[in-house]
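The values are calculated or read from the model by the stated rules, or taken from the named source; none is laboratory data. Owing to the predicted nature of the structure, the values given are computational and were not obtained by experimental measurement. Cβ atoms come from the backbone with ideal geometry, glycine included; neighbour counts cover every protein chain shown.
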Amino acid sequence: MNDTTDRRNEPANAQWGGRFAAGPSAIMQEINASIGFDRKLWRQDIKGSLAHAAMLAKIGLISAEDERAIGQGLEAIAQEIEAGSFPFEEALEDIHMNIESRLTDRIGEAGKRLHTARSRNDQVATDFRLWVRDAIDGITAQIVDVMRALAERAADHAADPMPGFTHLQTAQPVTFGHHLLAYVEMLDRDRGRLADCRRRLNQCPLGSAALAGTSFPIDRHMTAKALGFDAPTANSLDAVSDRDFALEFLSAAAISAMHLSRLAEEIVIWCSAPFRFIRLSDAFTTGSSIMPQKRNPDAAELARAKTGRITGALVALLTVMKGLPLAYAKDTQEDKEPVFDATEAWTLSLAAIAGMVRDMQPDTDRMRALAGSGFATATDLADWLVRVLKLPFRSAHHVTGRLVSLAEGKGVDLADLSLAEMQSVEPAITADVFSVLTVEASVASRRSYGGTAPENVAREAAKWLAVLA
Ligand code: ARG
């Protein structure tokens, strides 16, 4: 900002300037103003004012004509903002004063009565709760969409084996459907966190006024109900100064973004040349300006990276709030940008992930082939020794280890050892052992509740598709 003009001789702020002889300095105005970002709250601000005016009219604090004029004026303002012709002014600080001032320009005296029995402190707390509530509803619908996309793909690939990893080392075969449904579980908890947040958020601060409540006989239950809240907030000091609803929202965002980032990372790994588990189409990849062979999963990388700013938003707001004495302090004006930014990043990530999940083409033959490599059925062999030969698991583990080492030395898989070679390690082994050494037998045997067996996965995918329909 280059304009360091001293505005002290200009008229003071029309909304609060009664006792001010002069206007703020340019830098004061710039640091104070939030209109650059809080204009996003305009719908909620108008909605809140309409509910407030209706309540003021009902209890007789303003006339029916005033209420009508306020309603029409706010409607006209909504159209102006929608059309992009509203004259936003930094000198009017924020969305609340921009709208109120415009209303008074349009309808005169009645506009000046709107601010009876409220303050910008309860107004902004109400507007922001309404905004976060809308964001929760939008994001929840997006999470459900990603869950549905995953469940659909899982149903198609309920029986397709892939290598399962621990430590990113081949561990045991799993099915691709099972792997995808793991993310459905995570996302379901993410939407549960949002639902919890929404439930606690859904109380209305309006009427708490500046901090102490008001001497006017207002009906807070009426405004709470009109705005879709479950109840009015019970403590005016808490209502104007707390932002834990926004912090809960950002916590849910950070956890969900972390989940999305893990899936994004897997997509990046899966479509890398050494893996080639999946292929993303032109719709979700970009080329390299220097290496013509490249097909880069930029959308997945960016979904992975956006976790940084979402987590950052949570830390930023926690830091703003810590140590603030009751009640309202201007610090809380800094609550909005982290929430807006995180919401935008989260929305975009969810949309990109939904797109990629629907777009990806798995190479099921390759995944099946790799599912059996790296001695992935060693646990099945050990389990066979326990089940059929009644070896204690620790002994079975030891025998299997020796067989793996034998196979490794010969450069073959476990299933390629001859029966005689197997018996050289454990004489009681019979040819039946080979029945458990295939990838298909391995996954089919994992029928324990929550296990990867195709019949489990098909049932779970169908369950989710019914729940999410
Ligand atoms: N723009 C302010 C905010 O977002 C509105 C409340 C201002 N209240 C006040 N007393 N200055 O927090």
Determine, yes or no, whether Q361 is at pLDDT 95 or above, more than 22 Å from the chain's Cα centre (by Cα) and within 16 Å of the ligand (Cβ to nearest atom). no
Of the conditions (1) over 30 Å from E408 (Cβ atoms); (2) surrounded by fewer than 19 Cβ atoms within 10 Å (Cβ to Cβ); (3) basic (K, R), R366 fails just one. Which one is it? (1)
Members of segment 98-139 that are more than 13 Å from the ligand (Cβ to nearest atom), within 19 Å of A209 (Cβ to Cβ) and of a type in the set (V, I, T): T116
Is segment 283-294 home to any residue that is surrounded by 14 or more Cβ atoms within 10 Å (Cβ to Cβ) and in contact with a Leu (Cβ under 8 Å, 6 or more places away or on another chain)? no
Spot the failing condition for S63; the list is (1) more than 15 Å from the ligand (Cβ to nearest atom); (2) surrounded by fewer than 16 Cβ atoms within 10 Å (Cβ to Cβ); (3) modelled with pLDDT under 95, and only one is missed. (3)
Can you confirm whether segment 345-355 contains a residue that is within 16 Å of the ligand (Cβ to nearest atom), surrounded by fewer than 16 Cβ atoms within 10 Å (Cβ to Cβ) and not in a loop (DSSP other than H, G, I, E, B)? no
Under 7 Å between Cβ atoms, at least 6 apart or on separate chains: pull out the pairs that start in segment 328-342 with a residue that is in contact (Cβ under 8 Å) with a residue 60 or more places away in the chain and end on any residue that is charged (D, E, K, R). T332/R243; D335/R243; K336/D38; F340/K40; A342/R309
Run I77 past the list (1) more than 16 Å from the ligand (Cβ to nearest atom); (2) on the phi > 0 side of the Ramachandran plot; (3) surrounded by 17 or more Cβ atoms within 10 Å (Cβ to Cβ) and report the number of the one that doesn't hold. (2)
Single residue of segment 104-120 satisfying the filter (under 36 Å from the mean Cα position of the chain (by Cα) and without any contact (Cβ under 8 Å) to a residue 60 or more places away in the chain) that is surrounded by the most Cβ atoms within 10 Å (Cβ to Cβ): R120
Of the numbered conditions (1) away from the ligand (no atom under 16 Å from the Cβ); (2) assigned to a helix (DSSP H, G or I), G323 satisfies every one except a single condition; which is it? (2)
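Going through segment 84-103 one residue at a time, which ones are among the small types (G, A, S) and either assigned to a loop (DSSP other than H, G, I, E, B) or surrounded by fewer than 15 Cβ atoms within 10 Å (Cβ to Cβ) (or both)?
G84, S85
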